[in-house]
Amino acid sequence: MLGGVVLSRSCWGPNGALHAGKLTSGFSRTRSVGLKLRSRVAIGRRLAGVWAAKAPRGVPETMDVNQPKQEHLLALKVMRLTKPTLFTNIPVTCEERDLPGELFNQLMKDDPSTVKGAETLMLGEMLTLPQNFGNIFLGETFSSYISVHNDSNQVVKDILVKADLQTSSQRLNLSASSAAVAELKSDCCIDDVIHHEVKEIGTHILVCAVSYTTQTGEKMYFRKFFKFQVLKPLDVKTKFYNAETDEVFLEAQIQNITTSPMFMEKVSLEPSIMYNVAELNTINNAGESVSTFGSRTYLQPMDTRQYLYCLKPKQEFAEKAGVIKGVTVIGKLDIVWKTNLGERGRLQTSQLQRMAPGYGDVRLSLETIPDTVNLEEPFDITCKITNCSSERTMDLVLEMCNTNSIHWCGVSGRQLGKLHPSSSLHLALTLLSSVQGLQSVSGLRLTDTFLKRTYEYDDIAQVCVISSKVKEEH
């Protein structure tokens, strides 16, 4: 069942004077459920749960800045359509030995709004229609019911109802039809429901314009303005981590800044054309993918969740070092949530951009390296050397310098040959460690013979060195 909230003017002073600077209306409270509507208001018969509140006596319901005030044959009613809420009740109980005895418990059992068998539960089984305009958040769908009623005893012709939504950047036409209605008899109405997915925050103005022709051929026109604010529902913060293997890790922190819980239906990352994405928000439990947040996917007010994603370059782009180096756009987040009684909201961030890592002219990265090695026993590693320049060919010479714990095996000062722009070569090296513990791999030097420039690479990786006797005991 849909609930309706009337949009009516509230910018008039106590003496009927219009407050300066207020050209739009506020929103009046709805009438209680039990009140009957007048027979001429057909809205209550058409939509169950929708009530129209009249303006106070002496306060006009419409304001037109373009023409002097005059009486019109048609009446315009605009209502926001929202979902109802569950009725809440504050339970009052006491112990049996207290003075009231079973009085409070019996009153709760007799209360029709409580849940039978769970009277102390605050939520009831009944629904409550909205009593005010409420909040509209970015990404939600704004729905409004528009009704034009013929209050006169005349037949009105050529009725055209137009609804526009004015934002800070654009004006949108929300009317379902642009054709005029041929005629409208007395005590009849024209109804329309408009929907709009809100994509901007800030002030929005709903402009409803009605034009018609009287029996005497006079053309009439009036407008109403309804102003409301669109708020931000989520606070999204992102962090990027650039790995040595060209992988990019994205950490997204999403905070619920509304006053009600959210059901997080989907939070996904849509990567750019150069990357593949892997979600790191699930774990494998007995062959089943289980969310790291558990079975409860509700986000309470002011709570924050952290989502993690890993982006890897596609094969056709991974081989082009210069292309991946300059990529800053990695994709955008797509967030879908639900609130009261399944009301859906969706947000898509703009393209997320990272700071491109600065690798210099030559980049050296490790492709393979063992985690654990034996003391004083040779082990192999594989390096990848990339010419990050997009214009210049390099002629490289490799030098290997020993440290106190790491000793390189092989010939130092060997020629690697010419390396063309944005190209790479793989190099297998052998080394050993003379000291136990966690040792850092250092001492590689690359010299460009063309420019006589030397690039030093230290602490490129770490390896755990253990004694062979310890390994045999285990």
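Only the coordinates and a few stated rules stand behind these numbers; no lab work does. Keep in mind that this is a model prediction, so the values were computed, not measured. FYI the Cβ positions are ideal-geometry reconstructions off the backbone, even for glycines, and counts take in every protein chain you see.
When all alpha carbon pairs of the range 90-151 are counted in 10 Å bins from zero, the resulting P(r) reads 17, 27, 20, 18, 13, 5, 1 %.
Phi angles across the range 456-464 convert, under the Karplus curve 6.51 cos²θ - 1.76 cosθ + 1.60 with θ = phi - 60°, into 3J(HN,Hα) values of 9, 10, 10, 6, 7, 6, 10, 9, 8 Hz, Gly and Pro given as x.
Among D235, D110, a tally of other beta-carbon atoms within 10 Å of each Cβ gives an order, fewest to most, of D110, D235. When the Cα convex hull of the range 189-291 is projected onto planes of every orientation, the mean area is 13.6 nm². Computed from backbone phi with θ = phi - 60° and the Karplus coefficients 6.51, -1.76 and 1.60, the 3J(HN,Hα) list for the range 212-223 is 7, 10, 7, 5, 7, x, 7, 8, 10, 7, 8, 9 Hz; x is used for glycine and proline. The order of the peptides 150-158, 408-416 by mean Cβ neighbours within 10 Å, most packed first, is 150-158, 408-416. Scalar couplings 3J(HN,Hα) for the range 139-153, obtained by applying the Karplus form with A = 6.51, B = -1.76, C = 1.60 to θ = phi - 60°, are x, 7, 9, 8, 10, 9, 9, 10, 9, 10, 10, 8, 7, 8, 9 Hz; x denotes Gly and Pro. The modelled label-to-label distance for the pair L99/V290, using points 7 Å beyond Cα in the direction of Cβ, is 5.3 nm.
Legend: ranking of residues R344, R296, R354 from fewest to most surrounding C-beta atoms inside 10 Å; resulting order R296, R344, R354. With only Cα atoms counted, the range 359-474 has Rg and Dmax values of 15.6, 55 Å.
Can you compute the label reach from E367? Point 7 Å from Cα along the Cβ direction, backbone N cut-off under 20 Å, restricted to the range 380-411. Backbone N within reach: 380-389, 394-400, 409-411. By the count of neighbouring beta-carbon atoms within 10 Å, fewest first, Y221, Y307 end up ordered Y221, Y307.
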